[in-house]
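Data first, discussion second: the structure below is written as structure tokens.
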Amino acid sequence: LQEELDKWRKQHIEQLSNQMKEVRGGLDSKLISDLEAAREEYREKLTLSLEKCRAEAKTRRDERIAKETEELTEKTEESLATVRRDSTLKLQQQIGAERERLKQRMEDTREVHQ
């Protein structure tokens with residue numbers, strides 16, 4: 001009877017051991033599957049985050065370029081206005097000097113004729 005009991009116990013222990021291995025294997029598979037799913041979800045979140053960061057960086061860069069372009073345009077317009085003003089003043093001075101020379105020549109011509 002003891003032998004049969006030992007044999008039965010040994011069989012059940014072996015059966016339970018095999019069942020535990022199957023359960024552990026199933027749990028390992030489930031754990032691996034869950035980890036892979038979590039890794040994929042994390043990868044997707046990181047990808048979205050990276051894309052968002054790139055878009056924000058591009059927006060900031062575009063805004064900076066637009067601001068710099070606007071500043072350069074303003075400076076260029078100011079420079080052009082200064083050049084126009086200076087050129088106009090110079091031309092007005094030259095015209096004024098030419099008028100004075102012509103007046104003087106006309107007076108000189110009158111004096112000669114008188």
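At a glance:
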item: Cα-projected label distance for His12 with Lys52, points at 7 Å along beta-carbon direction, nm; result: 5.7 nm
item: With every protein chain in place, the chain: carbon and sulfur % of accessible area (1.4 Å); result: 55 percent
item: Per residue, in Å², the accessible surface of the chain once ligands and nucleic acids are set aside, probe 1.4 Å; result: 98 Å²
item: Shape metrics for region 53-114, restricted to C-alpha atoms - Rg then Dmax, Å; result: 26.5, 90
item: With all protein chains modelled, accessible area of Val112 [1.4 Å, Å²]; result: 120 Å²
item: Stretchable slack from Glu74 to Gln92, in nm (0.36 nm times residue separation minus alpha-carbon distance); result: 3.8 nm
item: log10 of Debye I(q)/I(0), alpha-carbon scatterers only, for region 1-66 at 0.11, 0.13, 0.23, 0.29 Å⁻¹; result: -0.57, -0.64, -0.92, -1.06
item: Alpha carbon Rg of region 33-87, scaled by the compact-globule rule 2.2 N^0.38 Å; result: 2.33
item: Ellipsoid semi-axes in whole angstrom, largest first, where each is sqrt(5λ) of the Cα gyration tensor of region 10-114; result: 99, 5, 5
item: On Cα atoms only, tilt of 2-113 relative to the major axis of the chain in degrees; result: 0 degrees
item: Lys pairs, the chain - Cα-Cα below 18 angstrom, 8 or more residues apart or on other chains; result: 4
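The values are calculated or read from the model by the stated rules, or taken from the named source; none is laboratory data. Remember, predicted model here, so these are calculated numbers, not experimental data. When we count neighbours, we look across all protein chains shown, and the Cβ atoms used for this are built from the backbone with ideal geometry, even at glycine. With ligands, DNA and RNA removed, areas are computed over all heavy atoms of the protein, side chains included. Shrake-Rupley method; radii C 1.70, N 1.55, O 1.52, S 1.80 Å.
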